[in-house]
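One structure is given here, and the rest of the page talks about it.
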Amino acid sequence: NAGVTQTPKFQVLKTGQSMTLQCAQDMNHEYMSWYRQDPGMGLRLIHYSVGAGITDQGEVPNGYNVSRSTTEDFPLRLLSAAPSQTSVYFCASIDSYNEQFFGPGTRLTVL
Amino acid sequence: GESVGLHLPTLSVQEGDNSIINCAYSNSASDYFIWYKQESGKGPQFIIDIRSNMDKRQGQRVTVLLNKTVKHLSLQIAATQPGDSAVYFCAERSSYKLIFGSGTRLLVRP
């Protein structure tokens, strides 16, 4: 199993640009989530999904959209990037024992 | 609002000594707590968890203690090794939502 994969690893955007952060897992987990981590901080939940076709907001959802058309994929879309969205983004999935598996992260810089 | 915080931002210990990392939480309704280890440039890695109906849980070289009376959580690492150097986060879970603390950096001196 590849576990949780994320692409790209690094991205630089200009203010106002849009992009999609990709996340995929091959463990057949129903639950997936997106977090952002700012320097010296813990992770904050952006959006999560409890299964294909079902998504919900976390702590900091503004400026982000998600969709879950398949069990495997959970992309995160930035509609109009802002410097405040400069962060490291982590995708995670949860197994049936409630253990979270995190991807390697995407480091995003918005100029 | 709900919050999970840590008392010490940086902890420096001698190799071979025991380490204790502390965490305070505010949501008394949380029923599940987790400790994560995060190495530089990597995602958080699960270390150990504990449910609110337990006071103590042991793993390999790690022990988590939960004191619900004062809403305090601690992670004990026995015989700390250089490979234990990382940032440690506690988190509390409500439904599928994880609330993380700000982290403690553990430095292991040779």
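Look at the stretch A:37-45: the mean tally of other chain Cβ atoms within 10 Å of its residues' Cβ atoms is 6. Backbone phi angles across region A:20-37, fed through the Karplus curve with coefficients 6.51, -1.76 and 1.60 (θ = phi - 60°), yield HN-Hα couplings of 10, 8, 8, 9, 9, 9, 10, 9, 6, 7, 6, 8, 9, 8, 10, 10, 10, 10 Hz in residue order; Gly and Pro are listed as x. Take chain B with all the other protein chains still there, run a 1.4 Å probe, and you get 49 Å² of accessible area per residue.
On association of chains A and B, roughly 1500 Å² of accessible area becomes buried (total for both chains; probe 1.4 Å). Label-to-label distance, B:A79 versus B:K97, with points set 7 angstrom from Cα along the beta-carbon direction: 4.2 nm.
Label zone (A:V60, point 7 Å along Cα-to-C-beta; backbone nitrogen cut-off 13 Å) within region A:34-52: A:34-47.
For a quick check of understanding: with a 1.4 angstrom probe and all protein chains in place, what accessible area in square angstrom does B:V70 have, to the nearest ten? B:V70 exposes around 90 Å² with every protein chain in place. To put it simply, the accessible area of the protein assembly as shown at a 1.4 Å probe is 48 percent carbon and sulfur.
The value for chain B of Rg(Cα) / (2.2 N^0.38 Å) is 1.01.
Note on B:K68: accessible area is roughly 90 Å² with a 1.4 Å probe, heavy atoms of protein only. Find which of A:T70, A:A92, A:V110 sits farthest along the positive direction of the dipole of chain A, computed with +1 on the beta-carbon of Lys and Arg, -1 on that of Asp and Glu, about the Cα centre. Farthest towards the positive pole: A:V110. Interface burial in region B:78-106 reaches 10 Å² or more for B:F89, B:R93, B:Y96, B:K97, B:L98, B:I99, B:F100, B:S102, comparing the full protein assembly with the chain by itself; accessible area from heavy atoms with a 1.4 Å probe. Under a 10 Å cutoff between Cα atoms, tell me which one of A:T70, A:T20, A:T55 has the largest fluctuation in the Gaussian network model of chain A. Maximum among the listed residues: A:T70. Equivalent-ellipsoid semi-axes for chain A (Cα gyration tensor, √(5λ), whole Å, largest first): 22, 14, 13. Here, P(r) means the percent of Cα pairs in each 5 Å bin from 0 to the largest distance; for region A:49-111 it is 4, 15, 23, 27, 18, 10, 3, 1, 0. Packing, taken as the mean count of other beta carbons within 10 Å per residue, orders the peptides A:21-34, B:13-26 from highest to lowest as A:21-34, B:13-26.
Site pair B:M54 and B:A29 shows an inter-label distance of 2.4 nm when each label is modelled 7 Å from Cα along Cα→Cβ.
The values are calculated or read from the model by the stated rules, or taken from the named source; none is laboratory data. Fair warning: this is a prediction, and the values are worked out from it, not measured in the lab. All Cβ positions, even for glycine, are placed from backbone atoms using ideal geometry, and neighbour counts span all protein chains on display. Heads up: the accessible areas ignore ligands, DNA and RNA and are worked out on the full protein's heavy atoms, side chains in. Shrake-Rupley method; radii C 1.70, N 1.55, O 1.52, S 1.80 Å.
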